[in-house]
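Here the structure comes first, spelled out in structure tokens, and everything after it is commentary.
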Amino acid sequence: MPDITFTDESGQPRPLSSYRGTYTLLTFIYTRCPLPDYCPRMNAHFAAVQRGLKTEPLLGRNARLLSVFVRSEFDTPARLTAKAREMGADPPSGTS
């Protein structure tokens with residue numbers, strides 16, 4: 001995969017290579033979802049993965065969950081932070 005750079009929820013650039021050496025799981029979501037049944041379901045699945053990783057210390061310590069927001073005209077760093085909070089993401093542990 002190419003080493004693309006994302007902007008994280010604090011507005012800082014984050015190259016994909018910064019996750020090298022970890023299990024990195026990606027999901028692509030919208031903060032303004034055009035599919036009202038699909039997006040909440042995908043968010044719930046990713047939240048379940050996050051909870052599961054917390055029960056597996058070795059795996060959880062080496063795993064990173066990345067939600068990639070695909071509409072930059074709406075998905076500002078402030079909106080991403082709010083959405084992460086709304087979804088119950090846990091950025092300090094790296095499982096966000």
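Counting other Cβ atoms within 10 Å, keep those with at most 15, restrict to DSSP loop, and tell me which trypsin sites (Lys or Arg not before Pro) in the range 1-59 are left. Please list the in-between numbers first.
Values: sites: 20, 32, 41, 51, 54; in loops: 20, 32.
Hits after loop and neighbour filter: 20, 32.
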- Item | Gain in span if fully extended, residue 6 to residue 79, counting 0.36 nm per residue against the direct Cα distance | 24.8 nm
- Task: Give the long-range amide H neighbours of residue 29: residues separated by 5 or more places, or on another chain, with amide H under 5 Å away, using H modelled in the peptide plane at 1.01 Å from N.
- Result: 68, 69, 70
- Message: Using a 1.4 Å probe on the protein heavy atoms only, what accessible surface does residue 86 show? Give it in Å² to the nearest 10.
- Response: 120 Å²
- With all protein chains present, calculate the accessible area of residue 68 using a 1.4 Å probe and round the result to the nearest 10 Å². 20 Å²
- Message: Could you tell me which residue out of 62, 80, 29 lies farthest along the dipole of the chain toward its positive end? Charges go on the beta carbon: Lys and Arg +1, Asp and Glu -1, centred on the Cα centre.
- Response: 62
- Query: Out of every Cα pair in the range 1-90, what percent are spaced more than 20 Å from each other?
  - Reply: 38 percent
- How far apart, in nm, are two points set 7 Å out from the Cα along the Cα-to-Cβ line at residue 41 and at residue 54? 2.5 nm
- Query: Counting only the backbone N, which residues of the range 67-86 are under 16 Å from the spot 7 Å out from the Cα of residue 32 toward its beta-carbon?
  - Reply: 69-80, 83
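The values are calculated or read from the model by the stated rules, or taken from the named source; none is laboratory data. Because the structure is a prediction, the values reported are computed rather than measured. Positions of Cβ are generated from backbone atoms using ideal geometry, with glycine treated the same way; all protein chains shown enter the neighbour counts. Side chains are part of the model used for accessible areas, which takes the heavy atoms of the whole protein and leaves out ligands, DNA and RNA. Shrake-Rupley method; radii C 1.70, N 1.55, O 1.52, S 1.80 Å.
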